[in-house]
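Heads up, the thing below is written out as structure tokens.
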Amino acid sequence: MTDTKLSSLSGDEFESSQIEINGNSIFFRRYGKGPAILMVHGFPRTSLMWRHLAPKVATDHTVICVDLRAYGQSGIPASTEDHFPYSKRAMATELVGVMDKLGFHKFTVVGHDRGGRVSYRLALDHPDRVDRLAVFDVIPILEAWDRTDARFARTYWPWIMLSQLNPLPESYLLGAPKAVFENPFGQGSFGPDILEQYVMSYRDSARVHGICEEYRAAATIDVEHDRADKEAQKQILCPMLHLWAEGGPLDSLYGNDGGPLGIWRQWAPHAQGQAMRGGHFFPEENPEDTASLLREFLKA
């Protein structure tokens, strides 16, 4: 682990550092003291997306906010033909190693978007390590692909676009790095300083390739991992919270399945949750309500 740096965002102090795991470096921000919570961001954000939410639950918890591999300030491992280094399984195992090195054998996992998929994979592959699981605005990868139609393709364009062969998606992201933040899957109410920190990942060709490799993994090897678990009837048995965007795609695409909770309860029988104001990035846009529900979940 490299030297820790004390920083602050809006007056909320946190420590930032890098930790070495099996030849890769993971950047993280650490808030508070107490039982551990691991927070995992999604596309196109970094650990910075938790800057409002993390301090609100760090009053009695240690909150570790990581940059996924290739994002932000974390390392960029080489990929392989089957994209395994950017599979949710590989990234989940890496984060278990991070928490081990930080001294946390068991912890709560909170994930949004792509980070939500890393989080549920962590709960499936390492059930003894997860106390509670909270997943924001996603359903399992297999379930999403199995229900893909024209509405899905128009709505979840990164799934389709970024999983294409190199160099098409890489060229798009590098050629217009701010464009991804000018649509519902990227836009937010933050100012130019925060935007610039996010966009930095998309000006680096190696990072962009890693980000696209994760989407390629989600279209291939991640589906295989999910399907094997579903066929084996493997389930997430810890308490689970699922929150999703009110009026967003999950609120409308899966009515025939009982909504997103109906889908999640096939994988996690104890899943509970509700819709949230604030769009896809409600943890960033509506941290007060998100923190309130998360604290209730942690205490239940």
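No lab work stands behind these numbers, since they all come straight from the coordinates. All values derive from a computational prediction rather than experimental measurement. All Cβ positions, even for glycine, are placed from backbone atoms using ideal geometry, and neighbour counts span all protein chains on display.
Values for this structure:
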read-out	value
Diffusion constant of the chain at 10 °C, which comes from Stokes-Einstein with the Kirkwood Cα-pair radius and 1.306 mPa s, µm²/s	83
Pairwise FRET efficiency - His126 versus Arg147, Cβ, R0 = 25 Å, nearest 0.05	0.40
Residue among Pro239, Pro192, Pro158 with the largest mean-square fluctuation in a Gaussian network model of the chain, springs linking Cα atoms under 10 Å	Pro192
Subset of Lys33/Lys106; Lys5/Lys88; Lys56/Lys299; Lys33/Lys88; Lys33/Lys101; Lys33/Lys56 violating a 18 Å alpha-carbon distance limit	Lys5/Lys88; Lys33/Lys88
Charge tally in the Cβ shell below 14 Å around Ser87, where Lys, Arg are +1 and Asp, Glu are -1, Ser87 excluded	-2
Helical contribution to [θ] at 222 nm, DSSP H n ≥ 4, -39,500 (n - 2.57), averaged over the chain, rounded to 500	-10500 deg cm²/dmol
Sequence-separation-based contact order of the chain, relative, with Cα cut under 8 Å and 6+ spacing, percent	18
P(r) tail fraction, the range 109-168 - alpha-carbon pairs more than 18 Å apart, %	44
Convex hull projection area averaged over all views, the range 76-179, Cα basis, nm²	8.1
Neighbourhood charge, 14 Å Cβ-Cβ cut-off, centred on Met200 and excluding it, Lys, Arg +1 and Asp, Glu -1	0
The range 1-101: GluC sites (Glu not before Pro) falling in loop per DSSP and having at most 10 other Cβ within 10 Å	Glu81
Residue-count net charge about Ser163 - beta-carbon cut-off 11 Å; Lys, Arg +1, Asp, Glu -1	-2
Long-range Cα-Cα pairs in the range 1-121 (distance over 22 Å), rounded percent	26
